[in-house]
Amino acid sequence: CGLGHDGLELLRAGYRLVETDIALGQLAAARELHREAGFSSSSAHLLADAEHLPFAEGSFDGALMVAALHHLPEPLAALREMRRVIKRGGILVLGTEPNSWQNRTVYPLGKRVFALMECGRGREGSASDMVSEGDKLAEGFSGRQLRGLLREAGFAEVELLPAGYISAALFSLATEISSRRGRVLRLFPLERLSIPLDELLGRIPFIRGFPWNWNAVAR
């Protein structure tokens, strides 16, 4: 669920939704967003834990989870729950799940560089206060780990798609700078311009295994 923007795109495409989140504030924001867009009758919003979904087996044609699986204490339990509530032949889409390599290498190095720069200016970095606890603790998944989790959860067909190289790095850079400055830095034009290059990089066999994030489609 989050703030409801991904759900809004599905509503505009003609789908009916039941969105879940464990945060009441997020649910309220998503509900208001959908109401303002004229989709109140096509979407419902429910306080629910992804690891214990309050739905009967085979309740839905599909499920979408964006940038959330890596936050969960038991990701396998959540995947099994989504498999349970999806109809036979239905689809699960995971979006923007961090690839563990960048969280173990590039991201820690970047944090140190920023910290040194701020110490040089005589101020302490406080960006960690603006990062969610989930992102502080989570490393994401390697492609092998994510594929293995999906198969262990009962999905027979799993397709992993690289999601972002240059564009995702620019987004992470802008987020880090914004959190440290206390004001938003937007690099959207550069991110959009880099998408064709991302698509090209995703076709190169070795590089394909090292995107910033993963998308996954499972049946």
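The values are calculated or read from the model by the stated rules, or taken from the named source; none is laboratory data. For clarity, every value in this text was computed on a predicted model and none was experimentally measured. FYI the Cβ positions are ideal-geometry reconstructions off the backbone, even for glycines, and counts take in every protein chain you see.
Taken together, the residues in the range 163-187 that are more than 16 Å from the chain's Cα centre (by Cα) and in a loop (DSSP other than H, G, I, E, B) amount to 6. So, Ala68, is that one modelled with pLDDT under 95, surrounded by 14 or more Cβ atoms within 10 Å (Cβ to Cβ) and at negative phi or not? Yes.
Can you report the number of residues in the range 172-209 which are surrounded by 14 or more Cβ atoms within 10 Å (Cβ to Cβ) and either under 17 Å from Phe141 (Cβ atoms) or not aliphatic (A, V, I, L, M) (or both)?
Adding up the residues that qualify gives 12.
Of the numbered criteria (1) modelled with pLDDT under 90; (2) surrounded by 12 or more Cβ atoms within 10 Å (Cβ to Cβ), the one Leu150 fails is (1). Considering the range 79-117, the residues that are closer than 15 Å to Phe141 by Cα and small (Gly, Ala, Ser) include one that is modelled with the lowest pLDDT, namely Ser100.
Where residues in the range 151-181 are of a type in the set (A, V, I, L, M) and in contact with a Lys or Arg (Cβ under 9 Å, 6 or more places away or on another chain), which of them is farthest from Met65 (Cα to Cα)?
Ala174
Checking each residue in the range 30-50 for being within 21 Å of Leu69 (Cβ to Cβ) and buried (at least 17 other Cβ atoms within 10 Å of the Cβ) picks out Ala30, His45, Ala48, Ala50. Residues of the range 71-95 that are crowded, with 18+ Cβ neighbours inside 10 Å and among the acidic types (Asp, Glu): Glu81 alone.
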